[in-house]
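> Attaching a single structure in structure tokens format; questions to follow.
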Amino acid sequence: MALAPDNTPWYRRFRMLFIVYLLGLFFGGREFLIARSGTEVDPGSEEWSRMAEVIAELNPADADTDFLLAMEALQEGDEVGYIEHMETALGKGVKHNNFLLAEYAHHLIRIQAPFENIDVALNTWRKNHQLSFEIVTLPLGRGPSSQQDYDAIRRELDALDWIYKWELQEPAAEASQWLLLFQFEPAKEAVIRDVTEAISILGLPPEVRSRLRVRCTSWTDCQSQAR
């Protein structure tokens, strides 16, 4: 018996190929621009909006679509919409999208979400992209004002075996506050509380830092205790 002709529109039959091609083109171009100029493509740009519109039309159920829509919501100041789209994407078990996993972890850090939520996001990112050398950026309330301060932070951070490399970045035109940049070991669990406690050592007088350490239950509730 002859097969019935396939009357499905051509753009629907090949939509997955288009999605893969468009994503590859978009993110490949993004990486190229970053490598050439050292600046990131603005998620709120017209190019990003056009890509989100095309992909949303071709495959609205895809996790990458939720990611693009989340970034648009964030650009528009829609915090609730951003979280909803990101959590929808993560709920679909997305693993391949390094940008999605990294962006969500960074957003939770920016809004100072509960430590446990950030740990889940960081470790989901780490486990699915163990060869990634992306850098985690943590804004600091204050930075070192002396070599003594810097040495105190160095001792605390160097004691964390899950951190691979780190550096402090002074305030500049692009960032008006101190930033801690770090990478984590692929085989170790990331614990953001450790980093918060390490940088909070600056809140203690220099003369007691060798005897006391800081313990935090949240971003704003930190107490000193004997080592």
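We did not get these values from a lab; they are worked out from the coordinates using the rules stated. Remember, predicted model here, so these are calculated numbers, not experimental data. Glycine gets a Cβ as well: all are built from the backbone with ideal geometry, and neighbour counts include every protein chain shown.
> Pop the C-beta distance of ARG211 and GLU76 into the FRET formula with R0 = 30 Å and round what comes out to the nearest 0.05.
Details: r = 50 Å, r/R0 = 1.65.
Efficiency at R0 = 30 Å is approximately 0.05.
> When ranked by the protection proxy of mean other Cβ atoms within 10 Å per residue, highest first, what sequence do the peptides 166-178, 68-80, 188-200 form?
On the way: 166-178: 12.2, 68-80: 16.9, 188-200: 19.7.
Sorting 166-178, 68-80, 188-200 by mean packing, highest first, produces 188-200, 68-80, 166-178.
> Could you tell me which trypsin sites (Lys or Arg not before Pro) in segment 135-183 are loop residues by DSSP with no more than 12 other beta carbons within 10 angstrom of their beta carbon?
Answer in residue order: ARG142.
> With a point put 7 Å past each Cα toward its Cβ, work out how far GLN183 is from GLN148 in nm, to one decimal.
For GLN183 paired with GLN148, the spin-label model returns 3.4 nm.
> Now for a different question. Using alpha carbons only, what's the Rg to Rh ratio of segment 134-227 with Rh from Kirkwood?
0.95
> Here's another thing I want to ask about it. Rounding to the nearest 20 debye, state how big the charge dipole of segment 97-179 is about its Cα centre with +1 on each Lys and Arg Cβ and -1 on each Asp and Glu Cβ.
With only Lys, Arg, Asp and Glu charged at Cβ, the dipole is about 140 debye.
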